[in-house]
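The values are calculated or read from the model by the stated rules, or taken from the named source; none is laboratory data. Quick caveat, the model's predicted, so the values are computed rather than measured. Here Cβ is always computed from backbone atoms with ideal geometry, including for glycine, and neighbour counts include all displayed protein chains.
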Amino acid sequence: MSVPIPFGTMPDGTPVELYTLAAGALSCQIITFGGSLQSLRVPDRSGKPVDVLLGFDALEPYRTHGKSLGALVGRYANRIGGAKFSLNGQTYQLAANNNGVNHLHGGLVGFNQRVWTVEEAGDDRLALSLFSPDGEEGYPGNLTVRVTYTLTEEGLTIGYRAECDRDTVCNLTNHAYFNLSGHDSGPVLDQTIQLLADRYTPTDPLSIPTGEIAPVEGTPMDLRRTAPIGARIGEDFPQLLQAGGYDHNWIPNGEAGTLRPIARAASPATGISMEVLSTLPGVQFYTGNYLDGCPAGKGGAAYANRWGFCLETQFYPDSPNHANFPSCVLRAGEVFDHTAAFRFHVE
């Protein structure tokens, strides 16, 4: 059984705890604030454990930095344009907490800012739960969420499950920033990426999807062949210029609802490679373009732009406002049941 360690106290006195999971040569630590992955140690080609996640040594930067490092994100991960959506003939107004006009990562106090309840704590498994009442952040319905982290010798699996007593929208993800050379090693531009996706969703200058589903062919968004993250990130391509790099939703090949490979990444420096699998219809590949100004990370690491990358398994951004996107509506009585897996190898 995993024994919790105190990690700080919220302003209202709620304690935050840290749990450690271990399986074979892998270990990870999770804090109850935001259900956040605080560390993930994987052996490199010499057998030395490398912490491949950006994170902090104390609670306060998690509370105040605003970048959701390692956090569970909801009720709706990513952006909703105009900070509103309509469902069953009713319009729901949300917080415009992104550029003053759009909604981002669940609002002013999203799931990444809540202290989660521990339901199960084993040596290699941690189950967390959260209750989001009807009307919280503008969303309809009483939503119950359970997220289970399971560590094996192969890697980390995240299981998401949610139910609601009214029709609502639901989009849950984890916002881990990976650096497969080590969290304190600097920019990730020489690490490699492969996205198993023929299409992506272009965005407007505020990162809201236009509704178009576009082919990656012939553009710097074509990451179907393994290449360094920095190989084409600086090209004169409107989608890259307006986002400051990669920060887009790709549409992985294969059938959503089945656990399928969607991405691969690797570090030439450590030999650590990571395969990502997901049941969800989209994945946001984000290259940490706005990490400048982030508080010092673990061990005093000076995190800066492009020191980490995210692969956020998800429904497409702004799905509630695009009928041609896969539906993110969670009907009363139905279950949101999705899985993401991060499997590690040494090359």
Condition set in a strand (DSSP E or B) and either touching a Pro at 6+ places or on another chain (Cβ under 9 Å) or modelled with pLDDT under 95 (or both), scope the stretch 142-184, selection surrounded by the fewest Cβ atoms within 10 Å (Cβ to Cβ): answer is V169
Output the residue which, of all residues in the stretch 37-49 that are buried (at least 23 other Cβ atoms within 10 Å of the Cβ) and in contact with a Ser or Thr (Cβ under 9 Å, 6 or more places away or on another chain), is nearest to Y149 (Cα to Cα).
L40
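What number of residues within the stretch 45-68 satisfy the criterion of being within 17 Å of S181 (Cα to Cα) and in a loop (DSSP other than H, G, I, E, B)?
Keep residues of the stretch 45-68 that are within 17 Å of S181 (Cα to Cα), which gives 45-55.
Now drop any that are not in a loop (DSSP other than H, G, I, E, B), which leaves 45-48, 52, 54-55.
Count: 7.
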Looking at Y92, Y19, Y62, can you tell me which residue is among the aromatic types (F, W, Y) and closer than 22 Å to R161 by Cβ?
Y19
Of all residues in the stretch 88-106, which are within 20 Å of S132 (Cβ to Cβ), in contact (Cβ under 8 Å) with a residue 60 or more places away in the chain and surrounded by fewer than 18 Cβ atoms within 10 Å (Cβ to Cβ)?
N88
Checking the conditions here, which among E163, E154, E119, E136 is free of Cβ contacts under 8 Å to residues at least 60 places away in the same chain and over 30 Å from G300 (Cβ atoms)?
E119
Please go through the stretch 1-28 and pick out each residue that is of a type in the set (A, V, I, L, M, F, W, C), part of a strand (DSSP E or B) and either more than 17 Å from L126 (Cβ to Cβ) or free of Cβ contacts under 8 Å to residues at least 60 places away in the same chain (or both).
I5, F7, L18
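Determine whether G234 is of a type outside the set (V, I, T), touching a residue at least 12 places away in the same chain (Cβ under 8 Å) and either assigned to a loop (DSSP other than H, G, I, E, B) or under 27 Å from Y62 (Cα atoms) (or both).
Judged against the criteria, G234 is not a match.
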